[in-house]
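Encoded as structure tokens, the structure appears first; notes follow it.
Only the coordinates and a few stated rules stand behind these numbers; no lab work does. All values reported here derive from a predicted model rather than from experimental measurement. Don't worry about glycine lacking a Cβ; one is built from the backbone with ideal geometry, like all the others, and counts go over all protein chains shown.
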Amino acid sequence: MRKFIYLATVILGFAGILVIGLYIRVQSQATKLDVNPDLFQSYQKHYLFVSSDESRMLRDIYERTASACEASGAWLEWCGQDMPGRYSAAECIDLSVAMEADGIIVYPDGSAGLEEAIQRAYGQGIPVVTILRDLPDSGRVSYVGVSNYQMGDRYGGQLLSLMHNGKNEVCLLTDAGDSENETQLLYTQMVQAIRNGAPSGKTMELRTQSVDSRTDFDAEEVIRDLLLGKTRPDILICQSSVQTECAIQAMIEYNLVGKVQVIGYYVTDQILQALRQELIPVTMTIDTGALGQDCVQALDEYLALGRVSSYYNISLSGVTPMTADRYEAKQAERSSGEEAG
């Protein structure tokens, strides 16, 4: 019996020493950790970015806007990115309200109930800024984007430079999230620009075709049917990077380079390469950095003053095969400047 008690005492004593030793070792290792307090940053405001579109352009807009937020003492979160399943813009707006966000930046996707969701956010004192697609009757405090008048005028100018003598079949690709009013304004301004600038002997037959750019498959299918149809357009006008990339791929696959002129939208690696190879004559693009800064300025100003300009204009410019290298160099210089800042 005494031997048993002695043995148990020894075992318990050894186990105790082992536990104490492990504790001391862990504590010793913990004191060696060099935690840099600069890695931790507190933010004064929490803004939510809402977009069901995850194309290259929207990711660029988010990244540029996040940089502008950080400089302003705000944190920008892409609503729904780390959650399972897909959420519409309307659902994300309601989620942002539940999270008590300080402000919301939304790329409207045409989802049901979006305007009502924005109105609910505004009713809770949360300002909402729309980008690239406007919802003027929704209660949003400001819109940051390109005016339909400017867009129609710029596209019209590009059309004039591409039209051949005789009748030109032109197809304008719209997006499933575009409103009918905005599409009609763009359409009307393009027609007006052609009427004012087209020389005699050049006419245009303009039609529209809706494409759901949120899925590559839908865009590929619609564009393929257009280019292989009986009334193949002479000029195809894209309004998203997804549409542009699908059009480029279709022209290559079906040997239509030079037979169809594509006016692209935005600049991705694939689009930039197509410009260098002169597969397309031009792509229209926006300054995502300026857009992001204006979004943050609009939210900051509204929170500080209770009022803000209802419209921030973003310029639309063209990139051609002649200016592709210059554009890329300028973007690289701007990115390195932001990283240094």
### Query
So how far, in whole Å, is the C-alpha centre of region 229-253 from the one of region 89-151?
31 Å
## Note on the structure
Over its alpha-carbon atoms, region 148-278 yields an Rg and a Dmax in Å of 14.0, 41
### Query
With each label point set 7 Å from Cα along the Cα-Cβ vector, what nm distance links residue 323 and residue 221?
3.7 nm
### Query
Quick one: which of 323-331, 104-112 comes out on top by average Cβ neighbours within 10 Å, and what's the full order, highest first?
104-112, 323-331
### Query
Using the alpha-carbon centroid of each, what span in Å lies between region 309-331 and region 265-287?
11 Å
### Task
Let me know the shape class of region 233-302, please: from the alpha-carbon gyration tensor, a ≥ b ≥ c as square roots of the eigenvalues, rounded when a/c is under 1.5, otherwise prolate if a/b is greater than b/c, or oblate.
prolate
### Task
Mind ranking 244-254, 227-237 by how tightly packed they are, going by the mean number of other C-beta atoms within 10 angstrom, highest first?
244-254, 227-237
